[in-house]
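Enquirer: My structure is below; once you've seen it, I'll send some questions.
The values are calculated or read from the model by the stated rules, or taken from the named source; none is laboratory data. Bear in mind the structure is a predicted one, so any value in this text is a computation, not a measurement. For neighbour counting, all protein chains shown are included, and Cβ atoms are generated from backbone atoms with ideal geometry for every residue, glycine included. Each accessible area value is taken on the protein alone, full model and side chains, heavy atoms only, with ligands, DNA and RNA left out. Shrake-Rupley method; radii C 1.70, N 1.55, O 1.52, S 1.80 Å.
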Amino acid sequence: MTIWFPMAFITFEGIDGSGKSSLLKNFDLHLKNLGFAVEMTREPGGSELGRELRTILLKNSKTPPCAEAELLLYEADRAQHVATLIKPWLEKKTWVLSDRFMDSSLAFQGAGRKIPFEKVRWLNEFATQGLLPTLTVIVDCPIEVSMARRAKRESEASTKPDRFENEVAPFHQAVRDEYLKMAKTHSRFYVLDGTKSQSTMLEDLIQECQRRKIL
Ligand SMILES: Nc1ncnc2c1ncn2[C@@H]1O[C@H](COP(=O)(O)OP(=O)(O)O)[C@@H](O)[C@H]1O
Ligand SMILES: [Mg+2]
């Protein structure tokens, strides 16, 4: 008899300030309380190389990377992340929860920076070696809500907005619209209403995982 135990690769997407990281932490805690092996990671910056790339990608610079260089740096981070961490974790039957993954490049570099989607898709496939998440949670909220939350987070933590957070409202709107569009294209997406309370969002996500028989 084979013993069935749940394991999944779940990615969290959405505009900055939508509540991804908060939900991810709560879900990670929930799974750990159930006794599961879980790795929580993020893009950019999950791997050692990625941490250096994250600094380059997010810092406000007088000479920022051009859109194409930006995309390639994200894909380099992703390739290293998949090859050295995500695949080995999944092989060990560990849950992997990633704060952003391949769909961020479609939303930010595709819809945001206007790089043709087919080019982003090709590079995503190359970097991930074809690995797809079991489930991708899109935490969705209006950009006004995310902006107010980011302002609160920045004042509480005395942090400054990064290069993407400094983008204008139409950029964030294009990113949000793209996420909602892609959610309609594939059954691996689940859109979660990010204006709900954190505890309600956690309950909704657990229910969705149960509905999909992941949990
Ligand atoms: N559901 C929620 N309701 C109200 N505030 C929230 C909610 N989720 C997150 N926040 C707050 O909004 C800010 C941004 O959340 P965070 O999880 O860091 O978003 P992201 O990772 O998507 O940028 C934080 O200060 C967080 O405490
Ligand atoms: Mg975050």
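Enquirer: For K25 and R51, what is the calculated FRET efficiency with R₀ set at 25 Å and r taken between the beta-carbons, to the nearest 0.05?
Expert: E between K25 and R51, to the nearest 0.05, is 0.85.
Enquirer: What length, rounded to one decimal in nm, is gained on full extension from E156 through to L72, with 0.36 nm per residue of separation minus their alpha-carbon distance?
Expert: Net length gain for the segment: 26.9 nm.
Enquirer: With a 1.4 Å probe and every protein chain left in place, work out the accessible area per residue of the chain in Å², rounded to a whole number.
Expert: Ligands and nucleic acids excluded, the figure is 51 Å² per residue.
Enquirer: What net charge do the residues around M7 carry, taking every other residue with its C-beta under 15 Å from that of M7, with Lys and Arg at +1 and Asp and Glu at -1?
Expert: Within the 15 Å Cβ shell, the charges total +3.
Enquirer: Here's a follow-up. What FRET efficiency would be calculated for the residue pair D177, T94, taking the C-beta separation as r and a Förster radius of 41 Å, to the nearest 0.05?
Expert: Calculated transfer efficiency: 0.75.
Enquirer: Which order, highest average first, do 75-84, 121-130 follow once you tally other Cβ atoms within 10 Å for each residue and take the mean per peptide? Could you put the intermediate results ahead of the total?
Expert: On the way: 75-84: 20.5, 121-130: 15.8.
Result, highest mean Cβ count within 10 Å first: 75-84, 121-130.
Enquirer: May I have the convex hull volume per residue, in Å³, for the Cα set of the chain? It would help to have the intermediate numbers written out before the result.
Expert: Values: hull volume 27.8 nm³, N = 215.
So the per-residue hull volume is 129 Å³.
Enquirer: Kindly express, to the nearest 10 degrees and within the range 0 to 90, the angle between helix 20-33's C-alpha long axis and the longest C-alpha principal axis of the chain.
Expert: Taking the Cα atoms of the chain, the angle to 20-33 is about 20 degrees.
Enquirer: Given K20/K213; K62/K196; K93/K152, which pairs have Cα atoms separated by over 30 Å? Spell out each step's value before the answer.
Expert: Values: K20/K213 22 Å; K62/K196 38 Å; K93/K152 38 Å.
The pairs that break the limit, which is 30 Å between Cα atoms, are K62/K196; K93/K152.
Enquirer: Report, to the nearest 10°, how far helix 67-81 tilts away from the longest principal axis of the Cα atoms in the chain, using its own Cα long axis and a range of 0 to 90°.
Expert: Roughly 20 degrees between the two axes.
Enquirer: If you don't mind, there's one more thing I want to ask. Starting from the Cα of I214, move 7 Å in the Cα-to-Cβ direction to define the label point; list residues of segment 178-199 whose amide nitrogen is under 11 Å from there.
Expert: Counting only backbone N, you get 188-191.
Enquirer: Cβ under 12 Å from K196's Cβ, K196 left aside: what net charge do those residues give with Lys, Arg +1 and Asp, Glu -1? Display every interim value, and only then the final one.
Expert: On the way: positive: none; negative: D140, D193, E203, D204.
Here the count lands on -4.
Enquirer: Enter the angle in degrees (range 0 to 90, nearest 10) between the Cα long axis of helix 48-58 and the first principal axis of the Cα atoms of the chain, meaning the one along which they spread out most.
Expert: Roughly 40 degrees between the two axes.
Enquirer: Would you mind calculating the gained length between K62 and A169 on full extension (0.36 nm times residue separation, minus the Cα-Cα distance), in nm to one decimal?
Expert: 36.4 nm
Enquirer: Using only Cα atoms, locate the centre of segment 39-55 and the centre of segment 157-204, then give the distance between them in Å, rounded to an integer.
Expert: Taking the Cα centre of segment 157-204 as reference, the centre of segment 39-55 is 20 Å away.
Enquirer: Per 5 Å bin, what percent of the C-alpha pairs of segment 101-208 does each bin hold, from zero upward?
Expert: Once binned at 5 Å, the Cα pair distances of segment 101-208 give 2, 11, 17, 21, 21, 15, 10, 3.
Enquirer: How large is the charge dipole for the chain, taken about the Cα centre, if only the Cβ atoms of Lys, Arg (+1) and Asp, Glu (-1) carry charge, to the nearest 20 debye?
Expert: Magnitude of the dipole: close to 200 debye.
Enquirer: Tell me which aspartates and glutamates have Cα within less than 17 Å of K181's Cα, excluding those fewer than 8 residues away on the same chain?
Expert: Partners found: E13, D103, E118, D140, D193.
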